[in-house]
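Remarks on the structure that follows.
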Amino acid sequence: MSARTPFVVANWKMNKTATEAEAFVAGFRGLLPAPPPGVDLAIAPPFPALERTGRALAGSGVGLAAQDVHAEQKGAYTGEVAASMLADLGVAFCLVGHSERRRDRHETEEQFARKMKRLVEAGIAPLYCVGETLEQRDRGETDAVLADQLTALDLFGPDLPPGFVLAYEPVWAIGTGRAATPEMAQAAHRHLRTLLSRRAGAVAAEAVRVLYGGSVTPANARELFSQPDIDGGLVGGASLNPADFAALAEAAAAATAAPGS
Ligand code: 13P
């Protein structure tokens, strides 16, 4: 059995006011008072809901995550949020490089590297997102695209950022209802682990949690999470409903108890 603790992260994207987030947490805690044994959970609400979500989660065992951070420590960057501000709210994890931001903000690996550096300085674990578009997959470029996206780790030399989590999110699977097959996802995760191993050595690479994201639902989660190199999920749509998020947590527990089933 893998030594990696399965991890399911809710990425709420631009959904839920602080009031709605509190209602979600109350409902979720009613269904699942604590994460299933051996499973880690976190919720990434939009910035305005971070503080109240964090308060509502106190004592639940569910971690607080942010969806993005700025690449500088502080200063004249109107509308931006610094890593120290997230840490002050109890944020433990932060997404970097989500494909929706790659698409809409045209951010680069060099910026993602600096964002991860700021997070590490603030004691927050980076959750770095990678994944190819459909056109890139059709051209046979998936492996090269993933290798290129991992160059954001160059700034850290032969080490990986403390607490580093990787998420493989094929762009064509996000919000489309068309998840990668378990075999496709496993192949990409294995490739990513090989790339991590070349940078940081096999021991460090085997310890990194690699989450799958893209149309994960309670119906397909268990099979995906049972793959040997898939250590849980980064979930958008299905994480917006307390019963579905609870079911995803249970799927991670079941996948760990009986991998491959
Ligand atoms: P969906 O689960 O809605 O496909 O979104 C996946 C995602 O982008 C999570 O970060």
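Nothing in this text is a laboratory measurement; each read-out follows from the coordinates by a stated rule. Every value quoted in this text rests on a predicted model; they were computed, and no experiment measured them. Here the Cβ is made from the backbone with ideal geometry for all residues, glycine too, and neighbour counts use every protein chain on show.
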Along each of the three principal axes of the Cα atoms of the range 1-54, give the extent in whole Å, ordering the values from largest to smallest. 39, 22, 15
Please tell me the relative contact order of the range 33-107 in percent, rounded to the nearest whole number, where contacts are Cα pairs under 8 Å and at least six residues apart. 29 percent
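Hey, what's the Kirkwood Rh for the chain if you take every pair of different alpha carbons, in angstrom?
18.2 Å
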Stokes-Einstein D (µm²/s) once Rh is taken as the Kirkwood radius of the range 204-261 over alpha-carbon pairs, at 25 °C in 0.890 mPa s: 216 µm²/s
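Report the extension gain between Arg198 and Glu141 in nm, rounded to one decimal, defined as 0.36 nm multiplied by the number of residues separating them, less their alpha carbon distance. Present the calculation step by step, with values, prior to reporting the outcome.
Values: separation 57, 0.36 × 57 = 20.52 nm, distance 1.94 nm.
Roughly 18.6 nm would be gained on extension.
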Per DSSP helix of 4 or more residues, -39500 (n - 2.57); summed, then divided by the residues of the chain. What does that give at 222 nm, rounded to the nearest 500? -12000 deg cm²/dmol
Given springs between every Cα pair under 10 Å in a Gaussian network model of the chain, which of Met85, Met14, Met116 has the largest fluctuation? Met14
Radius of gyration, Dmax [the range 1-113; alpha carbons; angstrom]: 15.1, 49
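Tell me the relative contact order for the chain as a rounded percent, counting alpha carbon contacts under 8 Å between residues six or more apart.
Numbers: 520 pairs, mean separation 55.8, N = 261.
This gives 21 percent for the chain.
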Run down the lysines and flag those whose C-alpha is under 28 Å from the C-alpha of Lys16, throwing out any fewer than 8 positions away in its chain. Lys74, Lys115
Please state the Cα pair-distance histogram of the range 118-247 with 5 angstrom bins from zero: what percent is in each bin? 2, 11, 20, 23, 19, 14, 8, 2, 0
Can you tell which of Glu206, Glu132, Glu183 shows the greatest fluctuation in a Gaussian network model of the chain with Cα springs below 10 Å? Glu183
Under 10 Å, Cα contacts only: if you run a Gaussian network model on the chain, which one of Lys16, Lys74, Lys117 comes out with the highest mean-square fluctuation? Lys74
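Given a Förster radius of 30 Å and the C-beta distance between Arg178 and Phe47 as r, what FRET efficiency does 1/(1 + (r/R0)^6) yield to the nearest 0.05?
Efficiency, rounded to the nearest 0.05: 0.50.
Shape verdict for the range 117-164, please, from the Cα gyration tensor: rounded (a/c under 1.5), prolate (a/b greater than b/c) or oblate.
Details: a/c = 4.09, a/b = 2.41, b/c = 1.70.
Verdict is prolate for the range 117-164.
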